[in-house]
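One structure is given below, encoded as structure tokens.
The values are calculated or read from the model by the stated rules, or taken from the named source; none is laboratory data. These figures come from a predicted structure and were not determined experimentally. Note that we place each Cβ from the backbone using ideal geometry, even for glycine, and neighbour counts take in every protein chain shown. Surface accessibility is based on the protein's heavy atoms, side chains included, excluding ligands, DNA and RNA. Shrake-Rupley method; radii C 1.70, N 1.55, O 1.52, S 1.80 Å.
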2 protein chains.
Amino acid sequence: MLNLHFRYQNMKNLLVASTSTVFGGNYLDYLAEEMASLFHNTTEVLFIPYARPNGISHDSYTAKAAEAFSKIDKKLIGIHTLPNPETAIRQAKGVFTGGGNTFLLVAQLYANQVMQPLREAIFNGLPYMGTSAGSNICGVTMQTTNDMPIVYPPSFKTLGTLPFNINPHYLDPDPTSQHMGETRETRIKEYHTQNTVPVVGLREGSWLQVSGDNIVLKGTLTARIFQQNKEPFEVETGTALTTLF
Amino acid sequence: MLNLHFRYQNMKNLLVASTSTVFGGNYLDYLAEEMASLFHNTTEVLFIPYARPNGISHDSYTAKAAEAFSKIDKKLIGIHTLPNPETAIRQAKGVFTGGGNTFLLVAQLYANQVMQPLREAIFNGLPYMGTSAGSNICGVTMQTTNDMPIVYPPSFKTLGTLPFNINPHYLDPDPTSQHMGETRETRIKEYHTQNTVPVVGLREGSWLQVSGDNIVLKGTLTARIFQQNKEPFEVETGTALTTLF
């Protein structure tokens with residue numbers, strides 16, 4: 001009975017987006033319809049601004065995200081304005097984690113004891129949206145982030161709400177480039193010399209829709225799948241990723 | 001007397017290069033003359049292959065680097081072939097650390113107890129050359145690496161042989177890009193919201209020549225200097241960087 005009960009509770013409901021903003025668009029605009037659908041059961045969404053893109057303050061970041069959420073008639077509350085972050089997570093009816101620096105985000109999630117309660121809440125059905133760094137943390141670890149290690153987090157382990165890792169803002173190699181730094185594909189290949197967890201390279205404008213154990217690629221683009229000791233390959237939009245691994 | 005003795009011993013002698021290979025060139029070719037000069041007192045150089053670019057094995061990486069060193073009549077010995085890495089460092093007459101993944105390099109330097117002896121040897125005059133990840137570790141921390149966190153090192157602290165951090169393969173923002181991921185400059189700006197250590201953005205083809213406390217930018221290009229709460233600026237080749245901070 002306990003097992004059945006646990007399985008019944010695995011009602012994950014996530015929107016895991018590569019980017020908050022597509023080229024030429026406004027912040028979160030391309031996701032407005034999906035956001036309205038994900039958060040249809042609540043008028044208030046809790047915002048986690050810890051990743052601080054460009055070093056923006058928690059308040060300024062929350063104001064920016066709140067403006068986008070006001071367009072779908074939702075009120076956004078910054079978790080930093082509440083007395084107890086853990087309680088805030090447990091009481092939330094929806095959570096959005098914005099992008100920025102993944103190391104800073106993960107360090108803050110641990111420092112504020114948010115990681116474990118957030119994981120539990122998502123497994124129990126809390127609607128969750130992430131963009132960029134906020135999507136990175138949906139994976140098993142943050143080890144395929146593109147960000148600089150500007151702070152030292154106590155662990156690279158993240159929410160584990162997906163059975164793989166995300167590489168957001170996935171970029172194809174530029175055949176005309178004269179730059180000798182590693183391509184994104186080379187970096188992920190290096191990751192797989194040390195780790196077995198698969199990686200989904202999610203291009204800007206793509207997102208994953210997660211309903212329970214079902215994970216579907218959305219948007220107009222393909223995604224690139226990386227597995228240890230295998231050649232990477234593309235999957236079409238609409239693909240159920242859970243069938244791949 | 002002790003202080004004077006210590007200062008006398010600060011005979012650092014380093015070549016800190018942005019990249020091993022410039023576009024269109026062969027591995028280490030553009031540095032051959034500098035390498036011959038740096039290592040003129042020895043026919044044998046110790047190689048640290050821990051960063052494993054592309055996941056290449058320690059043996060294959062050593063063979064590749066040994067080929068380049070054979071052109072200047074130096075024998076290259078992989079540290080992984082010697083029974084005690086710490087002793088190998090203490091006995092070396094010259095060290096080269098190649099590029100690859102900085103997280104892997106730093107984790108291995110700590111795991112093999114090489115970090116501290118290498119630091120001491122460099123302060124005592126051991127000729128040292130680094131490229132890319134091997135240059136990253138010359139800074140105070142590895143926190144301005146471009147690499148993916150494919151392993152979790154016990155610390156981000158590195159050799160501290162420079163009074164700043166290095167960002168190798170420094171890349172200017174591309175004004176025609178439609179990619180929404182952070183530019184290199186944005187990433188370093190985020191670093192400075194959390195850290196005070198200055199950063200030198202070293203473009204491919206540039207290197208630093210370190211003699212004692214004197215640090216000079218070499219190659220044909222300018223470098224970009226980032227300091228907390230200041231606008232970044234360019235310095236010309238030939239500039240003594242120690243006068244800047």
request  = Please work out if B:N26 is within 14 Å of chain A (Cβ to nearest Cβ), polar (S, T, N, Q), part of a helix (DSSP H, G or I) and under 29 Å from B:M148 (Cβ atoms).
outcome  = no
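Would you mind finding the one in A:H169, A:H179 that is at positive phi and facing chain B (nearest Cβ under 7 Å)? If you could, list the steps in order and put the result at the bottom.
On the way: A:H179 fails: at positive phi.
Of A:H169, A:H179, the one residue that is at positive phi and facing chain B (nearest Cβ under 7 Å) is A:H169.
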key: Qualifying residues in the range A:124-183 (those that are small (G, A, S) and within 20 Å of A:V200 (Cα to Cα)) - the one surrounded by the fewest Cβ atoms within 10 Å (Cβ to Cβ)   = A:G160
key: Among the residues listed as B:G219, B:G160, B:G201, the single one being of a type in the set (G, A, S), at pLDDT 95 or above and within 30 Å of A:V22 (Cα to Cα)   = B:G201
message = Among the listed residues A:M148, A:M129, identify the single one that is facing another protein chain (nearest Cβ under 7 Å), among the aliphatic types (A, V, I, L, M) and outside any helix (DSSP H, G or I).
response = A:M148
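Going by what's in this entry, would A:Y50 be described as touching a Gly at 6+ places or on another chain (Cβ under 8 Å) and farther than 24 Å from A:K218 by Cβ? I'd like the intermediate steps shown before the answer.
Numbers: touching a Gly at 6+ places or on another chain (Cβ under 8 Å): yes; farther than 24 Å from A:K218 by Cβ: yes.
Spelling it out, A:Y50 is indeed touching a Gly at 6+ places or on another chain (Cβ under 8 Å) and farther than 24 Å from A:K218 by Cβ.
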When residues of the range B:184-202 are limited to those that are open to solvent by 30 Å² or more (accessible area, probe 1.4 Å) and in contact with a Leu (Cβ under 8 Å, 6 or more places away or on another chain), the one nearest to the other protein chains (Cβ to nearest Cβ) = B:Q194
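Let me confirm something: among A:G100, A:G134, which residue is within 14 Å of the chain's Cα centre (by Cα), within 13 Å of another protein chain (Cβ to nearest Cβ) and either small (G, A, S) or over 15 Å from A:T158 (Cβ atoms) (or both)? Step through it out loud before you land on a result.
Values: A:G134 fails: within 13 Å of another protein chain (Cβ to nearest Cβ).
Among A:G100, A:G134, only A:G100 is within 14 Å of the chain's Cα centre (by Cα), within 13 Å of another protein chain (Cβ to nearest Cβ) and either small (G, A, S) or over 15 Å from A:T158 (Cβ atoms) (or both).
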message = I want to confirm something. Restricting to the range A:218-245 and keeping residues that are open to solvent by less than 50 Å² (accessible area, probe 1.4 Å) and among the small types (G, A, S), which single residue is nearest to A:M129 (Cα to Cα)?
response = A:G219
key: Unique residue being under 25 Å from B:Q143 (Cα atoms) and β-branched (V, I, T) when the list is A:T193, A:T161   = A:T193
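Got at least one residue in the range A:79-86 being of a type in the set (A, V, I, L, M), assigned to a loop (DSSP other than H, G, I, E, B) and open to solvent by 60 Å² or more (accessible area, probe 1.4 Å)? Before you say what the answer is, go through the steps one by one.
Going residue by residue through the range A:79-86, those that are of a type in the set (A, V, I, L, M) are A:79, A:82.
Restricting the remaining residues to those that are assigned to a loop (DSSP other than H, G, I, E, B) gives A:82.
Next cut, open to solvent by 60 Å² or more (accessible area, probe 1.4 Å) only: A:82.
Yes, some residue in the range A:79-86 is of a type in the set (A, V, I, L, M), assigned to a loop (DSSP other than H, G, I, E, B) and open to solvent by 60 Å² or more (accessible area, probe 1.4 Å).
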